[in-house]
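S.K.: This is the structure I want to talk about, given as structure tokens.
The values are calculated or read from the model by the stated rules, or taken from the named source; none is laboratory data. Just so you know, these numbers come straight off a predicted model, no measurement behind them. We place every Cβ from the backbone using ideal geometry, glycine too, and count neighbours over all the protein chains shown.
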């Protein structure tokens, strides 16, 4: 396929322009999140990602739904991706057991509080299935993701992670890994390109930290549909500021002589 | 080795910062070249490349040396790379036979009119050797280059081109190729990385046109020591404007969070 956009509510994100740009929200409470969402929206991204593992009230579903409403109100019509990143895959420690996390995702979907959710493909198969059902039932898009903050697996392993997401019925497959040497950055791009050609769903990928930062601005050439950029606070190492990232992408797309 | 700078007159180009930025000069006469060199120098590159195949007076060595002096005067101390690109490798048609081109290179070196020369490794071995001797005799650096404006050979073939330059005693090995698909861009980067690790001389590479434009701003991550950017006129497809290129490189090197 290569280079197909993510669809939310049946419409292509960013009007189909690639890459779409996502800004993470990492506020600890609803007030901070509302301010952060308004500031992020002013930067003109295509999507906001609420990293709920940073949210102090994560154990209280009512607080989560109230904060989601505040974010939506501040976001000026931008769609929101809801993500609990596990500690194992680079997220913050939270006080919930995994079945409680699944219950939270289910409640957020049922309330139609967001347009998309990100769930890790390494979770229990039953949990993945439950989140898939809860999201599909209300037309919320499901990102199935894989992160390695320590290293970059071989290109073949990375490609298998994209395939696994597709096999588990994701709407979007996401892979984010840490490079230790430039070869790792090429492995990530190669696997992204192969997966984007092979799979029917959009893929999203990035190589992290300074060494991998180039993937945030040219991953789209190799089929990555979305790139994450910094608003007020980064949620992973290597994220670039929105404005600079957008300028650099425009430069690459300017059809130079 | 990976990531060693080009040296001219025993000093690392751009103070050793990677990538160095080179702006081509494509004027048809000495007045135009002097204006172009002054305008290019104002953009703050590290090197100017005089593409002498665009010069109307190329068949007259006296005119060439006089134009070189005008360029040096206008260049404000920037070093100059002297290049006759052959028609076969993407250059302009000229009225000289190959042995006359070698005589021109020899005269330019003997006059110490420039700091470096670029000669194509596909030329007759005797010609390459003659240019190597003429340049070495006066401490002018020799780039041996390979260009394919139609396609991108396999990574292994590209790596052999870098090796061939080193075997022919180049000071710098340069490879520039045209991508037809994203896989070609990865092949160029992979070969560049492998060559930069293997060889004792600096390597320079680029994948051309819009598809390859990303290599002009992130080739340094994979060991390319120099990138070509547009001043007044591009000399190959895909060259980006100096200012935008520099901003994008600074973004990648900004040690993002």
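S.K.: Which residues, taken from the range A:179-238, are closer than 29 Å to residue A:32 by Cβ and out of contact with any strand residue (DSSP E or B) (no Cβ under 9 Å at 6 or more places or on another chain)?
M.R.: Hits for the range A:179-238 are A:209, A:210, A:237.
S.K.: Here is a check on your reading of the model: is residue A:248 at the interface with chain B (Cβ under 10 Å from one of its Cβ atoms) and under 22 Å from residue A:40 (Cα atoms)?
M.R.: So residue A:248 fits the description; yes.
S.K.: Run down B:34, B:68 and say which single residue is in contact with a strand residue (DSSP E or B) (Cβ under 9 Å, 6 or more places away or on another chain) and surrounded by 20 or more Cβ atoms within 10 Å (Cβ to Cβ).
M.R.: Selected residue: B:68, the only one of B:34, B:68 that is in contact with a strand residue (DSSP E or B) (Cβ under 9 Å, 6 or more places away or on another chain) and surrounded by 20 or more Cβ atoms within 10 Å (Cβ to Cβ).
S.K.: Next question, about the same structure. Condition check: closer than 20 Å to residue A:203 by Cα, out of contact with any helix residue (DSSP H, G or I) (no Cβ under 6 Å at 6 or more places or on another chain) and surrounded by fewer than 24 Cβ atoms within 10 Å (Cβ to Cβ). Does residue A:12 satisfy that?
M.R.: Answer is yes for this residue.
S.K.: If we keep just the residues of the range B:37-53 that are within 12 Å of residue B:233 (Cα to Cα) and surrounded by fewer than 24 Cβ atoms within 10 Å (Cβ to Cβ), which is modelled with the highest pLDDT?
M.R.: That would be B:51.
S.K.: Then there's this: Which of the residues belonging to the range A:218-241 are at pLDDT 95 or above and not in a strand (DSSP E or B)?
M.R.: Of everything in the range A:218-241, those that are at pLDDT 95 or above and not in a strand (DSSP E or B) turn out to be A:218, A:219, A:220, A:221, A:222, A:223, A:225.
S.K.: Go through the residues of the range A:102-112 one by one and say whether even a single one is in contact with a strand residue (DSSP E or B) (Cβ under 7 Å, 6 or more places away or on another chain), surrounded by 22 or more Cβ atoms within 10 Å (Cβ to Cβ) and within 22 Å of residue A:234 (Cα to Cα).
M.R.: Within the range A:102-112, none of the residues are in contact with a strand residue (DSSP E or B) (Cβ under 7 Å, 6 or more places away or on another chain), surrounded by 22 or more Cβ atoms within 10 Å (Cβ to Cβ) and within 22 Å of residue A:234 (Cα to Cα).
S.K.: Something else about it: Just name the residue that is farthest from residue B:116 (Cα to Cα) out of those in the range B:185-218 that are surrounded by fewer than 21 Cβ atoms within 10 Å (Cβ to Cβ) and away from every other protein chain (no Cβ under 11 Å).
M.R.: B:198
S.K.: If I filter the range B:130-146 down to residues being part of a helix (DSSP H, G or I) and over 19 Å from the mean Cα position of the chain (by Cα), which single residue comes out as farthest from residue B:7 (Cα to Cα)?
M.R.: Here the answer is B:130.
S.K.: Taking interchain pairs and intrachain pairs at least six residues apart, which have beta carbon atoms under 7 angstrom, with the first residue in the range A:163-184 and within 14 Å of chain B (Cβ to nearest Cβ) and touching a residue at least 24 places away in the same chain (Cβ under 8 Å) and the second crowded, with 21+ Cβ neighbours inside 10 Å and not in a loop (DSSP other than H, G, I, E, B)?
M.R.: A:179/A:185; A:179/A:207; A:179/A:212; A:182/B:193; A:182/B:221; A:182/B:222; A:184/A:207
S.K.: Can you tell me which residues in the range B:219-245 are surrounded by fewer than 19 Cβ atoms within 10 Å (Cβ to Cβ) and in contact (Cβ under 8 Å) with a residue 24 or more places away in the chain?
M.R.: Selection gives B:232, B:233, B:234, B:237, B:243.
S.K.: Inspect all residues belonging to the range B:191-205 and state whether any of them is touching a helix residue (DSSP H, G or I) at 6+ places or on another chain (Cβ under 7 Å) and closer than 19 Å to residue B:240 by Cα.
M.R.: Yes, the range B:191-205 contains at least one residue that is touching a helix residue (DSSP H, G or I) at 6+ places or on another chain (Cβ under 7 Å) and closer than 19 Å to residue B:240 by Cα.
S.K.: Could you tell me whether the range A:81-96 includes any residue that is farther than 22 Å from residue A:162 by Cβ and surrounded by 20 or more Cβ atoms within 10 Å (Cβ to Cβ)?
M.R.: yes
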